[in-house]
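The values are calculated or read from the model by the stated rules, or taken from the named source; none is laboratory data. Here the structure is a predicted model, which is why all the values come from computation and not from measurement. Cβ placement follows ideal geometry from the backbone for every residue including glycine, while neighbour counts extend to all protein chains displayed. Ligands, DNA and RNA are stripped out before the accessible areas are found, and what is left, the full protein with its side chains, is counted by its heavy atoms. Shrake-Rupley method; radii C 1.70, N 1.55, O 1.52, S 1.80 Å.
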Amino acid sequence: MIQFFLRYAYSSIICVLCVGLGVGLFFGVIVGLAVALISIVILFTLHLRYFKIFIEWLESPSLDPLPEAKGLWGTIFLKVYKARKKTEKNALKLHEKEQRFRQTLNSLPDGVILVRKHWEIELLNPIAERDFGLNGSEDIGKRLTDVYKDPEFVRYILSGSWEQSMILTPADGRKIELRVFPAGKKYWIVVSRDETEIMRADAMRRDFVANVSHELRTPLTVIKGFLELQGDNPTATDEERLHWKMMTDQAERMGALVDDLLTLSRLERDSAPAVKTEVDPQELLEHAVEDGASLSQGRHCITVTHIASEIILGDIKEMRSAVTNLVTNAVRYTPDGGKINISWTVIDGEGHIDVSDNGVGIAPEDISRVTERFYRSDKSRSRETGGTGLGLAIVKHVLFRHQAKLQIESKLGEGSIFRIVIPGSRISKRKEN
Ligand code: ADP
């Protein structure tokens, strides 16, 4: 375009000079100069006129119709016209895209808020407006923590640790699950989901299981009592004794199942983090070894290989149940003569309770599922060894309440390592006496 303009300017100047020179040759210098000057003035006036038309055309709301012009101005009009039409088309496309994006956002079943650097609201959908009691047009640009001031929410948002979701309980009693995800460098997305119905159904299921388990306890105690009495009957035949023994074993199993179900319901109902009382790892491990040894009856070699000096901050009863579950599992899934090692180590501020065995091991496809309730990689073995199918589910819940994790490494036929990973926030130096 610029090149075209320059070319036009040069040729105009050359034309004017040629006309002036031609006329000057025939009629003298003065007349030649006068003709050249007049030509320049005519040319200038012509361009001014087109310039005016150009400005008026640019300022008009519509570019149609395209003004009629030849030469340089014809080209300028056409080029600008094409460029403007292209821009208009792109703007329309962009607008349509934005509309589609907004429609998608608005039809999501979850609340979505896009916030930038200092938690200023950039955009939000109607579900988010409802969940947080916001007004889209008024609250855009305001800080989310200024318009939704629930202290727990503000603490969660500003904490920066959003691996776990949080549950909001607005005044209307709903349960809103919140998650925060980073979106690019300086943007975050806050997603809210109404979990009221799911949580209500879950609470009903938990109450049902807890009530049934509780109600089963009394009849079970009576049955066990009578079976024990009958077992002591001196007139009973060997066959009758065998039957009573079998019935007693099954009643015991049922009792263990009821106990585990009640433990699980209690752990599930208590959503608050576990207390932070001092737990001596030595006592904890020794207690688990005692339980393991009593189950093993000398069939395994159970050893505590290392105990770090740090102590654990947690709930002693729950931690005992978790570690004991791992040790008794190791006994149950390790053939006679096997070795079970237990240790407590602290590495880089993170605590590890390791329970390793050289037992039957777990198939790779089962490892991620063994903490599910009643999931067993080997059903018959689990029942044979008196398992309830809830041991690792209890461990998982206890660890969750302690912000701890369970890691499992295992090889079929070679053995397993169950590792409880305790975060630094739940480890403390032992106080010197
Ligand atoms: P169960 O009562 O069936 O043992 P758990 O919840 O304690 O229930 O364990 C779930 C499953 O995990 C078990 O059925 C078993 O297949 C597997 N498992 C647990 N501990 C071990 C272990 N130390 N070695 C091999 N398999 C194990």
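The table for this structure:
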item: Normalised contact order of the chain, rounded percent, pairs of Cα under 8 Å and 6 or more residues apart; result: 9
item: Accessible area (Å², 1.4 Å probe, nearest 10) - residue 377; result: 60
item: Of the DSSP H helices in the chain, those whose Cα atoms cover at least 27 Å axially and whose Kyte score averages 0.5 or more; result: 2-27, 29-59
item: Reachable aspartates and glutamates, given that their alpha-carbon falls under 17 Å from the alpha-carbon of residue 186 and they are not under 8 places away in the same chain; result: 120, 122
item: Three-way shape label, region 108-194, alpha-carbon gyration tensor, a/c 1.5; result: rounded
item: For the chain, built as a Gaussian network whose Cα springs stay under 10 Å, the top-fluctuating residue of 172, 207, 270; result: 172
item: Accessible surface ranking that places the most exposed of 72, 412 first, with a 1.4 angstrom probe; result: 412, 72
item: Long-range Cα-Cα pairs in region 347-428 (distance over 15 Å), rounded percent; result: 62
item: For region 324-365: span of alpha carbons on each principal axis (Å, largest first); result: 35, 26, 16
item: Exposure of residue 276 as accessible area (Å², to 10), given a probe of 1.4 Å and all protein chains; result: 110
item: Charge dipole magnitude, Cβ of K and R +1, D and E -1 - the chain, Cα centre, debye nearest 20; result: 2840
item: Sequence-distant lysines (8 or more away, or on other chains) whose Cα lies within less than 30 Å of residue 431; result: 276, 317, 396, 405
item: Exposure ranking of 238, 146, 366 by accessible area [1.4 Å probe, largest first]; result: 238, 146, 366
item: Heavy-atom SASA rank of 30, 223 (probe 1.4 Å, accessible area, largest first); result: 30, 223
